[in-house]
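This report refers to the structure that appears directly beneath it.
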Amino acid sequence: MKKAKLLLVFLGLFILTFHCIAQNSITNNPIKIGELLVARSDFRMQMKWADSRKACEKLKNGWRLPNRAELNLLYENKNKIPGLNGKYYWSIEQSIENHAWLQFFNDGTQDDYLKYTMCWVRPVKSID
């Protein structure tokens, strides 16, 4: 029984460590677009709006969700940023209660959606 508990604890620590490494690796070698650093890839899965904010905050060092203007800048430069085509991305900006803005990277459309909608997240960071 002790071995089983120890194995579960070890497995949990391994998964947590792997998750943290995977999260931080998206911000390695960011792409510079204007005065913005863009994470090289999305988080591994789509998220609800509140979860996407928390995930970006966990990256620390100024990484965050982009605002609507920044999302549009990413859209205008999508050929320079790998993996953006044809996906919906969350913005930090809320529209009305329970809604936040997102952008569709297939045609550049911005719209407000329910915050519990699952969308992709591409962290950005302002250049100091």
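Bear in mind that the values in this text are calculations on the coordinates, not laboratory data. This is a predicted model, so every value here is computed, not measured. Positions of Cβ are generated from backbone atoms using ideal geometry, with glycine treated the same way; all protein chains shown enter the neighbour counts.
Among ARG53, ARG68, sorting on how many other beta-carbon atoms sit within 10 Å of each Cβ, with the fewest leading, yields ARG68, ARG53. Segment ASN106..ASP128, full-extension length gain: 4.9 nm, with 0.36 nm per residue of separation and the alpha-carbon distance subtracted. Taking the number of Cβ atoms within 10 Å of each Cβ as an exposure proxy, the fewest-first ranking of MET47, MET118 is MET118, MET47. Report, in listed order, any pair from LYS54/LYS115; LYS32/LYS58; LYS54/LYS80; LYS32/LYS87; LYS54/LYS87 with a Cα-Cα distance greater than 23 Å. In this structure, LYS54/LYS80 lie more than 23 Å apart at Cα.
Can you sort ARG44, ARG122 so the residue with the fewest Cβ neighbours within 10 Å comes first? Working shown, then result.
Values: ARG44 11, ARG122 25.
Result, fewest neighbours first: ARG44, ARG122.
Of the GluC sites (Glu not before Pro) found in the stretch 22-128, the ones in coil according to DSSP and having at most 10 other Cβ atoms within 10 Å of their Cβ are GLU35, GLU97.
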